[in-house]
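Here's the structure, in structure tokens; my notes come after.
The values are calculated or read from the model by the stated rules, or taken from the named source; none is laboratory data. All values reported here derive from a predicted model rather than from experimental measurement. Don't worry about glycine lacking a Cβ; one is built from the backbone with ideal geometry, like all the others, and counts go over all protein chains shown.
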DNA sequence: AGAGTTGTTCAAGC
DNA sequence: AGCTTGAACAACTC
């Protein structure tokens, strides 16, 4: 479910809901230690996203660090909250709403020094205004690895996942197997700018949308994409090739994305 | 019902 | 040092 747009959307929403409030933090299954009031009852000062990482900052307490991984979910409801459904690692309850974090791969507290070290190992995030894209381009041109792999590396760019990497490369007509060191500055610029726009659109619409003039969503799965999971190229009609890159399936139109 | 998946880390080895 | 591979973890849709 989550690429960067999901996490940023949640961070904005939760920021609005929780900042300045005293949060009740519980761990229904007891699989996350919030014991001894480490966070519980503390004032929420900020909610922040960087790439796919979500951070809740508290007054005079460690931060809560969430990473949803491949399967994690964030469920929101009004207080009073009902019984937790599924693997709810942590529940955050404010005055009017509560949030359940289901099945995250990371759910932990971090000191401020640990927060700094987490953020420092992430690459620039197209959805953050403090992003420095030059750092990403420097990393890319330093490597012979395929661009399609580098775009998925969170220490190169934070927030891009498997669908966005496929779609960005198709939209900018770059072959995923192009070695990073051969990516032109112009192509990188275009990919970066496109990522900024698409991720922002995704956060706004709560769905990955990479096609122009997307019609309203019909099903629950609301993603609207060009070649991800498809068999034919919408631009030229030729067959889409799929193969594994960085342990994930990537799609390419060999005609529109020449090597 | 079972396969597939919008992710990451770690360790070991080349 | 740069890179590759595999295992482990998890929730939901079709």
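Looking only at residues that are in contact with a strand residue (DSSP E or B) (Cβ under 7 Å, 6 or more places away or on another chain) and surrounded by fewer than 21 Cβ atoms within 10 Å (Cβ to Cβ) in region A:246-259, which one is modelled with the lowest pLDDT?
Among residues in region A:246-259 that are in contact with a strand residue (DSSP E or B) (Cβ under 7 Å, 6 or more places away or on another chain) and surrounded by fewer than 21 Cβ atoms within 10 Å (Cβ to Cβ), the one modelled with the lowest pLDDT is A:249.
Every residue, every condition in (1) touching a residue at least 60 places away in the same chain (Cβ under 8 Å); (2) surrounded by fewer than 21 Cβ atoms within 10 Å (Cβ to Cβ); (3) more than 14 Å from DNA strand B (Cβ to nearest atom), yes or no:
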{"site": "A:128", "(1), (2), (3)": "yes, yes, yes"}
{"site": "A:135", "(1), (2), (3)": "no, yes, yes"}
{"site": "A:139", "(1), (2), (3)": "no, yes, yes"}
{"site": "A:164", "(1), (2), (3)": "yes, no, no"}
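For a quick check of your reading of the model, give me the residue pairs whose first member lies in region A:238-252 and is within 17 Å of residue A:164 (Cβ to Cβ) and free of Cβ contacts under 8 Å to residues at least 12 places away in the same chain, whose second is within 16 Å of DNA strand C (Cβ to nearest atom) and in a strand (DSSP E or B), with beta-carbon atoms closer than 9 Å and at least 6 apart or on different chains. Close Cβ pairs (under 9 Å, with a partner that is within 16 Å of DNA strand C (Cβ to nearest atom) and in a strand (DSSP E or B)) amount to A:242/A:249; A:242/A:250.
How about region A:90-101: which of its residues are touching a strand residue (DSSP E or B) at 6+ places or on another chain (Cβ under 7 Å) and crowded, with 18+ Cβ neighbours inside 10 Å? Lay out the reasoning, then the answer.
Kept after step one, since they are touching a strand residue (DSSP E or B) at 6+ places or on another chain (Cβ under 7 Å), are these residues of region A:90-101: A:90-93, A:96-101.
Of everything in region A:90-101, those that are touching a strand residue (DSSP E or B) at 6+ places or on another chain (Cβ under 7 Å) and crowded, with 18+ Cβ neighbours inside 10 Å turn out to be A:90, A:91, A:92, A:93, A:97, A:98, A:99, A:100, A:101.
Right, residue A:92: more than 16 Å from DNA strand C (Cβ to nearest atom) and under 18 Å from the mean Cα position of the chain (by Cα) or not? Lay out the reasoning, then the answer.
Working: more than 16 Å from DNA strand C (Cβ to nearest atom): yes; under 18 Å from the mean Cα position of the chain (by Cα): no.
It is false that residue A:92 is more than 16 Å from DNA strand C (Cβ to nearest atom) and under 18 Å from the mean Cα position of the chain (by Cα).
Please determine whether any residue of region A:107-129 is within 13 Å of DNA strand C (Cβ to nearest atom) and assigned by TED's automatic domain parsing to the domain that holds residue A:19. Yes, there is a match, as at least one residue in region A:107-129 is within 13 Å of DNA strand C (Cβ to nearest atom) and assigned by TED's automatic domain parsing to the domain that holds residue A:19.
Suppose the filter is at pLDDT below 90 and in a loop (DSSP other than H, G, I, E, B); does residue A:235 pass it? Here the answer is no, as residue A:235 does not meet what is asked.
Residues in region A:49-89 that are away from DNA strand C (no atom under 16 Å from the Cβ) and loosely packed, with under 15 Cβ neighbours inside 10 Å were compared, and the one that is farthest from residue A:152 (Cα to Cα) is A:80.
Highlighted here are the strands (runs of 3 or more DSSP E) found entirely within region A:1-115 that include at least 1 residues which are in contact (Cβ under 8 Å) with a residue 24 or more places away in the chain and within 16 Å of DNA strand B (Cβ to nearest atom): A:44-50, A:53-58, A:61-67, A:73-78, A:88-93, A:97-102, A:106-110.
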